Amino acid sequence: MTITEERKWWKEGVVYQIYPASFKDSNDDGIGDIPGIISELDYIRSIGVDIVWICPMYDSPQVDMGYDISDYEAVYPPYGTVSDMESLIHECHKRDMHIILDLVVNHTSDQHKWFKESRMSKESPKRDWYIWRPAKYVNGVRKPPNNWRSNFEGSAWQWDEATQEYYLHLFCPEQPDLNWENEEVRKAIYDSAMEFWLRKGIDGFRVDTVNMYSKGLIMPDAPVTDPDAEWQFAGYQYCNGPRMQEFLSEMNAVLAKYDAMTVGECPNTHTAEGVLKYVSAKQKQLNMVFQFDVVDVGMGPHKFQTTPFAWKLPTLKAAIAGTQTLIKGTDAWTTAFLENHDQARSISRFASDAPEHRVASGKMLALMLATLSGTLFVYQGQELGMINAPLEWSMDEYKDVDSSNYYKMVNDRSGGDPKSLASAKAALQHLARDHARTPMQWNSHKYAGFSSCKPWMRVNDDYTVCNAQQQQQDKGSVLSFWKKLLRLRKEYSDLFVYGDFELLDAANENLFSFTKEYRASKAFVVLNFTGQKQAGASPENSKLLMNTAEEPKAESLLPYEGRVYLMA
Ligand code: GLC
Ligand code: CA
């Protein structure tokens, strides 16, 4: 058996991701919370899920929805308490589920006590815990140390009036980057952010922006790719820096004491060689990563600078093939996912959310995911086929700083040009992170059963036709399909979790076909990515294992139909 084939709970376990603010509100203040999550663990278990991933529930001013942490050892009070978290850990384990938390240690909140101390003076013992640099003067004008653009628009450097220096923030100014070069900082991170929770019994971490810890000491300008702008995309400068592997080995030694699972977020890394540095088993860094190639399909050079649906199916296939072949003949492990809290809904992006196609699309994408190798991740509401909010929603309904900053940037740069603003809005309706963050749709009562008072974010208008209660009773629902599918994935885990992927007919713009192979067994998957019927005869000597349509026709695939066959 190769190392990749070696059985592990974190390889065959299906992960369900929870966004605490939007999952379930137990005390009717309009904000989801930990007791709410506990109350739905039986629902989660009933889908066939084995691992629960909780997005940041730590104390935070919530500038970036909890990815700006002010105290790793406390819980954001509206979500609950540390003791609620202890109950959640216990209740997951009682149901035979593992639980992992988000580890956000590239940066903290500017309200974290470490940063408050760091910014007090240049002599502060914690000054070097963050990345401070003097200004650069160009023709007497004060400028930041380099031209890096933050991930949320604007310069990645913030001027600090009190101490007359800039600090680095790859995300919001309220999210200063920690200085991983400093050993004391690393020890504090392992202790406060990791071991505090590992000692409480959690089973691992999803590791936020894991390839950004090492920026190097020089931090040169990024190449100019947007000549009209002062700040430039710098992802290739600050990702995968020189000491990454060293830092992760050190971190791994801590995790190993607890046998914890890790899945890291790995943006701006497009070669197998680059990814393997993180996930090859012998390197002992991370168990697996989220590559971005698949979810980046259809995004413009500046993420939202794009026309919806301008991509072609071969691009998506190639991206998926890249994540699948990563483990062929290597000792690495991979992931299969289409959604998370940073991505718009997959039906709306990759298939069709039109009322007549939505259910078929949800099932077809589910079939694709559940037959791919690697650890499978499902994001809350994906199991119901939740879709993006409609175009009619005004910008006020968009709560994410990434969306509002982008819209504001377009407004400033275009001088408020209505055409530019309309296309920015269209792109946001297609790709904004907000679409993943609307409240979970539990039933057809007001506010979708998420809460009995007005939620922090508007409920998607379609909750009366798309909700968990109704789908639990409907054998033809997306939810019922996911349940069947996850049983199939487990039954044939050799093929679907561990098997070798091979892409067929790569240039076909309508059908996505591939095989999975494990020793003598072989499966064939065919997916119709169009709203029209497509010819596609059943392969000879095969048995239909599962398909998405109620009444499959042998000779053709219905719109957005998917099928999986077992070959003799
Ligand atoms: C990751 C998170 C995202 C957050 C960012 C900064 O990409 O998934 O939600 O905004 O890191 O922490
Ligand atoms: Ca609440």
For TYR407, what accessible area in Å² do you get when you roll a 1.4 Å probe over the heavy atoms of the protein chains, rounding to the nearest 10? 60
Accessible heavy-atom area order of SER542, SER118, SER26, highest first, probe of 1.4 Å: SER26, SER542, SER118
Quick one: 3J(HN,Hα) in Hz for the stretch 211-224, Karplus 6.51/-1.76/1.60 with θ = phi - 60°, rounded, Gly and Pro as x. 8, 10, 5, 9, 9, x, 8, 7, 6, x, 4, 7, x, 7
To the nearest 20 debye, what is the magnitude of the charge dipole of the stretch 26-68 about its Cα centre, counting +1 on the Cβ of each Lys and Arg and -1 on the Cβ of each Asp and Glu? 180
Out of residues 5 or more away from ALA336 or on other chains, whose amide H comes under 5 Å of its own, with H placed 1.01 Å from N in the peptide plane? THR375, LEU376, PHE377
Extension gain from LYS94 to THR271, taking 0.36 nm per residue of separation minus the Cα-Cα distance: 59.7 nm
Could you give the dipole magnitude of the stretch 152-241 about its Cα centre, charging the beta-carbon of Lys and Arg +1 and that of Asp and Glu -1, in debye to the nearest 20? 580
Which residues qualify? For TRP53, with a placed amide H closer than 5 Å and at least 5 residues away or on another chain, they are TYR16, GLN17, ILE18, ILE100
Residue among LEU558, SER423, PHE377 farthest towards the positive dipole end of the chain, charges placed on Cβ: LEU558
Residue (of SER280, ALA256, ALA351) at the positive-pole extreme of the stretch 253-360, dipole from beta-carbon charges: SER280
In the stretch 410-513, taking the dipole from +1 charges on Lys and Arg beta carbons and -1 charges on Asp and Glu beta carbons about the Cα centre, the listed residue (ASN443, SER493, CYS453) farthest towards the positive end is CYS453
When a/c reaches 1.5 or more, the comparison of a/b and b/c decides; with that in mind, is the stretch 225-330 rounded, prolate or oblate per its Cα gyration tensor? oblate
Reachable lysines from LYS483, criterion Cα separation under 18 angstrom, eight or more residues apart if same chain: LYS363, LYS475
In whole angstrom, how far apart do the alpha carbon centroids of the stretch 347-399 and the stretch 1-63 sit? 18
Sites ALA554 and GLN473, calculated FRET efficiency, Cβ-Cβ separation with R0 30 Å, nearest 0.05: 0.50
Apply 1/(1 + (r/R0)^6) to the Cβ-Cβ distance of ARG487 and TYR236, taking R0 = 45 Å, and write down the FRET efficiency to the nearest 0.05. 0.60
Flagged as over-length at 22 Å C-alpha distance, from LYS24/LYS257; LYS425/LYS454; LYS94/LYS446; LYS317/LYS522; LYS419/LYS454; LYS11/LYS284, the pairs are LYS24/LYS257; LYS425/LYS454; LYS94/LYS446; LYS419/LYS454
Report, by chain and number, residues whose modeled amide H sits under 5 Å from the one on MET546, excluding near sequence neighbours (fewer than 5 apart, same chain). VAL564
Measuring from its Cα centre, the stretch 12-123 shows a charge dipole (+1 at each Lys and Arg Cβ, -1 at each Asp and Glu Cβ) which, in debye to the nearest 20, is 200
Note: the chain at 37 °C, 0.692 mPa s; Kirkwood Rh on alpha carbon pairs; Stokes-Einstein D in µm²/s works out to 134
Cα centroid separation, the stretch 128-177 to the stretch 288-303 (Å): 27
Going by a ≥ b ≥ c, the root eigenvalues of the Cα gyration tensor, does the stretch 288-373 fall in the rounded group (a/c under 1.5), the prolate group (a/b larger than b/c) or the oblate group? oblate
Using a Förster radius of 51 Å, what is the FRET efficiency between ASN411 and ARG519 based on their Cβ-Cβ separation? Nearest 0.05, please. 0.30
How would the stretch 357-403 be classified by its alpha-carbon gyration tensor: rounded, prolate or oblate, with rounded meaning a/c under 1.5 and the a/b versus b/c comparison settling the rest? oblate
So which DSSP H runs in the chain come out at 15 Å plus along the axis (Cα) with average Kyte-Doolittle of at least -1.0? 82-94, 244-256, 313-325, 358-370, 418-431, 478-491
Report the extension gain between LEU566 and ASP128 in nm, rounded to one decimal, defined as 0.36 nm multiplied by the number of residues separating them, less their alpha carbon distance. 151.8 nm
Determine which residues of the stretch 280-298 fall in the zone a paramagnetic label at ALA310 would reach in this model, i.e. backbone nitrogen under 12 Å from the point 7 Å along Cα→Cβ. 298
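Suppose accessible area is computed on protein heavy atoms with a 1.4 Å probe; arrange MET85, MET65 from highest to lowest.
Details: MET85 0, MET65 40 Å².
Per-residue accessible area, sorted high to low, gives MET65, MET85.
The values are calculated or read from the model by the stated rules, or taken from the named source; none is laboratory data. None of the values given here were measured: they were computed from a predicted structure. Counting neighbours? That spans all protein chains shown, and the Cβs are built from the backbone with ideal geometry, glycine included. These area figures cover heavy atoms from the full protein model, side chains too; ligands, DNA and RNA do not enter into them. Shrake-Rupley method; radii C 1.70, N 1.55, O 1.52, S 1.80 Å.
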